[in-house]
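The values are calculated or read from the model by the stated rules, or taken from the named source; none is laboratory data. Note that the structure is a prediction, hence the values are computed from the model and not measured. Here the Cβ is made from the backbone with ideal geometry for all residues, glycine too, and neighbour counts use every protein chain on show.
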Amino acid sequence: MRQHSPPRLAAAIVSCLRLLSLSLLAVSAGCATPDIPSLTSADAHFGQSEEEKNLLVRADELDRELDSKGMLLETPALVSYLQSVGQPLVPKEAAQRVRFRFHVLRSPVSNAFALPNGSIYLTVGLLAHLDNEAELAQVMGHEISHVVLRHGIKSYETNRSRIITAHIADMFLFGTSLAYLPYVASVASFSREQEEEADVAGLRSVAARGYSPDEAIRVFERIQEVKGGEAAEGSWYSSHPSNAQRAEVLREMVRKGEIPATRSRGAGPAYREYAALIAEENIRLKLNARQYELALDAATRSLTEHPDSALYHFYKGEAYRSMGDDPKGAAREHSWIYGKSYNDALVAEFEGRRNAFYQSAEKAYQQALALDSHMLVAQRGLGLVNLGRGEYDAARERLSAYLAQNKTLSDREYITNLLKGINK
Amino acid sequence: MKQIGRGVIVALGLVATLTGCAMTSVREHPDFASGKRKIRVVAILPAQVEYRHLVFTGENERDPEREKSIASDIESGMVAALQSRGYTAKLDVVDKARSGDKEFNFQLEQFRSAYVQASKELYARAMVAESESTKFKVGVGPSANTFAGVAGADALIIANYQGFDKSSGLMAKEITSSVLLGALTGVYYAPAKSGGRIELSLIDGVSGDVLWSNASAGPVSADSSLTSAMARLPVVPSSGDTQVASDRPASTEAVTATAEAPPAAKMPPAVAANQAHNTADGSSVPAKPGQPADAAP
């Protein structure tokens, strides 16, 4: 390695700083938002540019991939209900250009997103947080607005010019990637301006369809309840500093009469008909993804509405037992939710709580069995709690009874293997 | 310089030998490492591949056709590698996944999701000391039963690959950066034109325990990464017949180390899983992602 004399190094640093200034200027120059008309404009020229065609092809590919992987919840009544809520929110001119389709994505993450081809995806994790149709309509109206206002192609153009200028800047910064820092923050999601624009346009369409804006705006409070890690990065609400602030902006518009507030549709029972289906799917997905604490929250939330549901007590038991069985996983989830560092001390803390977790699991399973004495899976849960505690005789008895009561269990081999281990 | 370099290498080797802190990328379950858990028949899961073409404009697109082709190469490469190490490889899960059964594919997706969580624990550090490498007790729960059952296998093997290549424009920019940096500091670096990382795990079909896992990364092709990673899989200890098994017709099932991969166009995208399983009462129950290997006595 060559050594540099101090004057040469100083000159190099000055050169670097000059280049950095030029680079950042170039980056900021690359951030101008392209002027692209909305889908309601007569001169929209939708899907005509090569860039937009490319985006639409990619969107179609993503649709096909999600479908082929079985990632869509295709309960016919639910799909039809979503279409009946979403379609009327689409402006007539936009509906003539794009076919809007509304999907439920089997993901435990709380998110919603729109593809430029009109596919709107709402995750199970997000739907589980909503309380009524007006809130659902607000989420849908927001996503529809991203498509109608063509935020996808606008972001694409803006980001591409940002990337090119960032590359140029980065080249002169010798590949240190410093020039990418402002870009990275902006490319992860739509811009804040675009999100606000979609909020307002969404609420206008929701109010125009007769939903109560007050009810619709409450969706932001629901989102406020979403725990840190549960929100998807770059999702439509996580990009905002404060959802409360966001709600306040919309409420102010309603107060000023900029958005009509005379109707009261939306707080009715329609959405609640699907709540149980969504709630169960959400808990199962969360448990599979080792989101034990979030699964527990979801089961507890459902129990406040249905305190006599054996199923939700059972899921509560599953969440607690999983924490007892897998304290490392529980610690990892905790660090993810609350932004804490995952380290040995945190793992030790969760390992120290294993007995408490098993105790809570046992109580929840017993409550489930008290409500439904035939609930085999709760008996299995109790057997697994015994096993986790090292109470082998009790575990053997319960797990054997579980196997004896049904010959077609899909986890028969797994449980049989556990019993073999106990007998050894 | 050469003398100093040799001296340093010898000294490092000596230190590593004396301290016994050789590092490895392999992780093993204690039962597998000790030979207590014996595996003969392995079901190959569809390879999960993400391949991006990085370009100057930032439109770093995935390349679905390339992904299919790489997935197919990895699957046939795994068959050959397993066979050469004395295992019987089965492709039934790959075949079923590609038959378009959405619910099966969702189960596979969920299985992958559970594996991703297990992988975080497995690969919290890239390399581990040899002495620590046989202490990994990580599992994905009973959903492994479903796929092992489909193939009649003792274990499953799962492969995840992430790769990239760069456009000439992007390479030109990186080389320019390297030259400018070199002119200023005397330190030059050689940007990679392409590369990737593969992660392979052998999972017990009954307990869901990850029995063996290895990862390989570098500026090389997926084939090379696979060969490198599979080279550390223990050979089946005792003698016995080994073959590639599948319900496919004989003409398509015999994949050997030197055989060509099937045409990419015939291979649908890699798919993935569900931990949920039916129970006695007919309801669907969450799997036990939290059921670690050490839960069993």
> Within the set of pairs 6 or more residues apart or between chains, which connect a residue that is within 10 Å of another protein chain (Cβ to nearest Cβ) and within 15 Å of A:Ser373 (Cα to Cα) inside the range A:311-324 to a residue that is in a helix (DSSP H, G or I) and of a type in the set (D, E, K, R) with Cβ atoms less than 9 Å apart?
Replying inline: A:Leu311/A:Glu280
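Look at B:Lys120 and say whether it is surrounded by fewer than 17 Cβ atoms within 10 Å (Cβ to Cβ) and out of contact with any Phe, Trp or Tyr (no Cβ under 8 Å at 6 or more places or on another chain). Reasoning before the result, please.
Numbers: surrounded by fewer than 17 Cβ atoms within 10 Å (Cβ to Cβ): yes; out of contact with any Phe, Trp or Tyr (no Cβ under 8 Å at 6 or more places or on another chain): yes.
When the stated conditions are applied, B:Lys120 passes them.
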>> Which count do you get for residues in the range B:166-210 that are within 12 Å of chain A (Cβ to nearest Cβ), in contact with a Leu (Cβ under 7 Å, 6 or more places away or on another chain) and under 30 Å from B:Thr134 (Cβ atoms)?
In response: 2
> Only one of these conditions is not met by A:Ala361: (1) buried (at least 24 other Cβ atoms within 10 Å of the Cβ); (2) touching a helix residue (DSSP H, G or I) at 6+ places or on another chain (Cβ under 6 Å); (3) at the interface with chain B (Cβ under 9 Å from one of its Cβ atoms). Which number is it?
Replying inline: (3)
> Restricted to the range B:31-67, and to residues that are in contact with a strand residue (DSSP E or B) (Cβ under 8 Å, 6 or more places away or on another chain) and basic (Lys, Arg), which residue is nearest to B:Val150 (Cα to Cα)?
Replying inline: B:Arg40
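I'm trying to understand the selection: among the residues of the range B:59-79, which are part of a helix (DSSP H, G or I) and surrounded by fewer than 20 Cβ atoms within 10 Å (Cβ to Cβ)?
Initial filter on the range B:59-79 (part of a helix (DSSP H, G or I)): B:64-79.
Within the range B:59-79, B:Pro64, B:Glu65, B:Arg66 qualify.
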> Do we find that A:Asn288 is surrounded by 24 or more Cβ atoms within 10 Å (Cβ to Cβ) and either among the polar types (S, T, N, Q) or in contact (Cβ under 8 Å) with a residue 60 or more places away in the chain (or both) in this structure?
Replying inline: yes
> Is it the case that some residue within the range B:112-124 is of a type in the set (A, V, I, L, M, F, W, C) and either over 18 Å from the mean Cα position of the chain (by Cα) or over 25 Å from A:Asn282 (Cβ atoms) (or both)?
Replying inline: yes
> Using beta carbons and a limit of 9 Å, which pairs, at least six apart or on different chains, have the first residue in the range A:41-61 and farther than 17 Å from A:Ala114 by Cα and the second one in a loop (DSSP other than H, G, I, E, B) and modelled with pLDDT under 85?
Replying inline: A:Glu51/B:Glu59
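Every residue, every condition in (1) modelled with pLDDT under 95; (2) over 12 Å from the mean Cα position of the chain (by Cα); (3) part of a helix (DSSP H, G or I); (4) surrounded by 21 or more Cβ atoms within 10 Å (Cβ to Cβ), yes or no:
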{"position": "A:Val104", "(1), (2), (3), (4)": "no, no, no, yes"}
{"position": "A:Gly125", "(1), (2), (3), (4)": "yes, no, yes, yes"}
{"position": "A:Ala134", "(1), (2), (3), (4)": "yes, yes, yes, yes"}
{"position": "A:Val139", "(1), (2), (3), (4)": "yes, yes, yes, yes"}
{"position": "A:Glu143", "(1), (2), (3), (4)": "yes, yes, yes, yes"}
{"position": "A:Val147", "(1), (2), (3), (4)": "yes, yes, yes, yes"}
{"position": "A:Ile153", "(1), (2), (3), (4)": "yes, yes, yes, no"}
{"position": "A:Ala166", "(1), (2), (3), (4)": "yes, yes, yes, yes"}
>> Take B:Phe111 and tell me if it is crowded, with 18+ Cβ neighbours inside 10 Å and free of Cβ contacts under 8 Å to residues at least 12 places away in the same chain.
In response: no
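Residues A:Lys328, A:Lys316: which one is assigned to a helix (DSSP H, G or I), at pLDDT below 95, in contact with a helix residue (DSSP H, G or I) (Cβ under 7 Å, 6 or more places away or on another chain) and not hydroxyl-bearing (Ser, Thr, Tyr)? Before the answer, list the steps.
Numbers: A:Lys316 fails: at pLDDT below 95.
Sole residue among the options that is assigned to a helix (DSSP H, G or I), at pLDDT below 95, in contact with a helix residue (DSSP H, G or I) (Cβ under 7 Å, 6 or more places away or on another chain) and not hydroxyl-bearing (Ser, Thr, Tyr): A:Lys328.
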> Within the range A:272-298, how many residues turn out to be away from every other protein chain (no Cβ under 13 Å) and either farther than 25 Å from A:Ala134 by Cβ or among the acidic types (Asp, Glu) (or both)?
Replying inline: 2
